[in-house]
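J.: The structure is given below, and queries will be raised subsequently.
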Amino acid sequence: MRYQITGKHIDVGDALQTHVKTELGNVLEKYAGRPTDATITFSKHAHEYVCEATVHLSTGLTAQAKAHETEIYAAFDSCAEKMDKQLRRYKRRLKDHHKERQDPVELFGASSYILAPEAEEHEAEPELQPVIVAEMETKIPSLSVGEAVMQMELAGSPVLVFKNEGKNGLNVVYRREDGNIGWIDPQA
């Protein structure tokens, strides 16, 4: 497994890197089977340290966790605990998903854009085309609806666009304001 442990304006020493590899390795060994890579980023916000962890699993799913603490080791330990809780919650589904799927999740390329906020109202004629601030390449996974909901939950995302394996079209799952999950399945 590949680890990428970095700090934003923080020196991440060898002792912390060893601690991260050991503890995160123990968590992933219990639940995840074959994780492929993990990215752990430390930063400081005011008086607190922030630890963000993203783990890519061999099944194509991604788990994310984030924690804030006053000590850097405590921030990582809280983050690892959140990751452990997420993976424990989805352990059965992760293992079932892995048994059914022989190959990793297929990913398709797509363009992702960041748009500038709406222009001020004082303009006489607003532009019909929004201003594109950034353009990136993103990946759209090919999943079942259940796998898409699990992926959205593991990533902590409010929305997930995916290619529906059952119907072979683009679908969207999202978290509704009432806490339930919404699913958009356009008609062909």
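J.: State, to one decimal in nm², a quarter of the convex hull surface area for the C-alpha atoms of the range 2-98, i.e. the direction-averaged projected area.
T.: 5.6 nm²
J.: Okay, moving on. Describe numerically, in nm with one decimal, the distance between label points set 7 Å from Cα along Cα→Cβ at Gln129 and at Ala155.
T.: Here the answer is 2.8 nm between the modelled labels.
J.: What is the mean projected area of the alpha carbon convex hull for the range 105-184, to one decimal in square nanometres?
T.: Averaged projected area of the range 105-184's Cα convex hull equals 7.3 nm².
J.: Using a simple spin-label model with points 7 Å from Cα along the Cα→Cβ vector, what separation in nm is obtained for Glu71 and Asp178?
T.: My value for the distance between the label points is 4.5 nm.
J.: Once you put a point 7 Å from the Cα of Leu107 and another 7 Å from the Cα of Val12, both along the Cβ direction, what distance in nm separates them?
T.: Calculated label separation equals 1.9 nm.
J.: From the cross-link list Lys30/Lys66; Lys44/Lys85; Lys82/Lys167; Lys21/Lys163, which pairs have alpha carbons spaced over 31 Å apart?
T.: Lys82/Lys167; Lys21/Lys163
J.: Summing Lys, Arg as +1 and Asp, Glu as -1, what charge do residues with Cβ under 14 Å from the Cβ of Lys82 carry, Lys82 excluded?
T.: With Lys, Arg at +1 and Asp, Glu at -1, the neighbours total -3.
No lab work stands behind these numbers, since they all come straight from the coordinates. Please read all numbers here as calculations on a predicted model, not as lab measurements. Glycine gets a Cβ as well: all are built from the backbone with ideal geometry, and neighbour counts include every protein chain shown.
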